[in-house]
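These notes concern the structure reproduced below.
Bear in mind that the values in this text are calculations on the coordinates, not laboratory data. Note that the structure is predicted; figures quoted are calculated from it, not measured. Here Cβ is always computed from backbone atoms with ideal geometry, including for glycine, and neighbour counts include all displayed protein chains.
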Amino acid sequence: MEYRVTPTELPGVVVIDTDFFRDERGFFIEAWHRQRFAALGLDFEVVQDNHSRSGRGVLRGIHWQDWSAPLGKLVRCTAGAIFDVAVDLRVGSPSFGRWTSVELSAANMRQVWVPPGFGHAFLALAEGSEVQYKCTGYYTPSAEGCLRWDDAEVGIEWPQREVIVSAKDAGGMSLAEYRARPAFPEGWEERARGRR
């Protein structure tokens, strides 16, 4: 089994392609192997595994958990297809406020690693799109935040503008509001380590 890691425009966010086997019976893929991932520089512990299903046009995000309960995600789409997005929210980062995207689908079996310090969102491109993501931290409501999916300053080029969002996501903050109360201020990693 071989993993191929492709960096994106955002340092730390990577796309992972994995060998898989498909025949008349179906398919087999090894989606996670801690030692093999660590050998590629992706050394993290998984503590929670989430699974969502969305109708076409459903947009979820842009979500994060702040430095008090940082959360990285290894994301894959196991049914349908999604337009997956990461936004750099690390104050002081050269790519702060920038975004990157990748299409994940049941057909291409790609994954994307979104480390702590980044917001994450996706748009379902097909009916019944299912997303599974392994998390490096536990869901912590007091630490969660949301950036507006259509914030003009971030300027994500979504493949469609007519989307279905939750009331919570529709009320997300702007990048300007985020700057005033950042979830990942400079030095957040040291502060997070100090809480462990």
Q: Would you please state which residues of region 121-135 a label at V47 would reach in this model, taking the label point 7 Å out along Cα→Cβ and a backbone N cut-off of under 19 Å?
A: 133-135
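Quick one: compute the contact order of region 119-185, relative version, from alpha carbon pairs under 8 angstrom and 6+ residues apart, as a percent.
Details: 30 pairs, mean separation 24.2, N = 67.
Result for region 119-185 is 36 percent.
How long is the gain from S166 to I29 if the chain were fully straight, where each residue apart is worth 0.36 nm and the alpha carbon distance is subtracted? Don't skip to the answer; put the middle values down first.
Numbers: separation 137, 0.36 × 137 = 49.32 nm, distance 3.26 nm.
Taking 0.36 nm per residue and subtracting the Cα distance, the gain is 46.1 nm.
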(Q) Using the Kirkwood radius over C-alpha pairs as Rh, can you work out the diffusion coefficient of region 147-196 via Stokes-Einstein at 4 °C, viscosity 1.567 mPa s, in µm² per second? (A) 99
**Q.** Relative intensity, log₁₀ I(q)/I(0), of the chain from a Debye sum that treats every alpha carbon as a point, q = 0.13, 0.16, 0.18 Å⁻¹
**A.** -0.68, -1.04, -1.32
Q: Find how many whole Å separate the alpha carbon centroid of region 1-48 from the alpha carbon centroid of region 158-196.
A: 26
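When N is the residue count of region 70-121, what does its C-alpha Rg come to as a fraction of 2.2 N^0.38 Å? Working shown, then result.
Numbers: Rg = 11.8 Å, N = 52, 2.2 N^0.38 = 9.9 Å.
Rg over 2.2 N^0.38 Å, computed on Cα atoms: 1.20.
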(Q) Please give the charge dipole size of the chain, origin at the Cα centre, charges +1 on K and R Cβ atoms and -1 on D and E Cβ atoms. Round to the nearest 20 debye. (A) 420
Q: Place the peptides 117-126, 142-151 in order of packing, highest mean first, counting for every residue the other Cβ atoms within 10 Å and averaging per peptide.
A: 117-126, 142-151
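Counting every Cα pair in region 1-100, what percent are over 16 Å apart?
Working: 3388 of 4950 pairs.
Tail of P(r) above 16 Å: 68 percent of Cα pairs.
I need the per residue convex hull volume for region 100-185, using only the alpha carbons, in cubic angstrom as a whole number.
On the way: hull volume 11.3 nm³, N = 86.
Normalising the Cα hull of region 100-185 by residue number yields 132 Å³.
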